[in-house]
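Written below as structure tokens is the structure these notes are about.
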Amino acid sequence: MKKHTDSDVLEIINNFQQSLSKKPSATKMFQEIKMMKFKVRPIQGNLSEVNLNNFEFVSILWSLGKLDEFFQKEYYRLTEKKQNLFIKIFNEIYEKFQQDLNRINLQRERNSRKVHSLEVEIFKEIKDKLEN
């Protein structure tokens, strides 16, 4: 297995970010999100009052899924020193997506005058390898 240099780490991250800029259609992203097994669970508020088909929401969730796949693919190929750089940059990208998610207005248009508090947990369903 080939180990990467610092410049390689920056290059693979740059290539990944370029690939994120070439998003598929909203329908394709939504299908891929389903395959990624994301789940949205309300912590506070009513999910029926929000539009989870919002293009921004779907786009950011898709990007987060791709970020997770990228991490799983690349992280273990790196030396420990390179992993530290990778984690630092990865966390910055991840935090930006989280901030973007927090800024999205998911209210349905008919409820646009009402402001409701909503807090959700977004997670990926992961099956144990033992379950097959």
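Here, each number is a calculation from the coordinates, and none is a lab measurement. Bear in mind the structure is a predicted one, so any value in this text is a computation, not a measurement. Don't worry about glycine lacking a Cβ; one is built from the backbone with ideal geometry, like all the others, and counts go over all protein chains shown.
Quick look at the values:
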read-out	value
Other-chain or far-sequence residues with amide H under 5 Å of residue 107's (modelled H)	51
Residue 84/residue 15 FRET efficiency (R0 22 Å; Cβ-Cβ; nearest 0.05)	0.65
Region 24-107: radius of gyration over Cα atoms, expressed as a fraction of 2.2 N^0.38 Å	1.26
Using θ = phi - 60° and Karplus 6.51 cos²θ - 1.76 cosθ + 1.60, couplings along region 69-78 (whole Hz; Gly, Pro as x)	4, 4, 4, 4, 6, 9, 4, 6, 7, 9
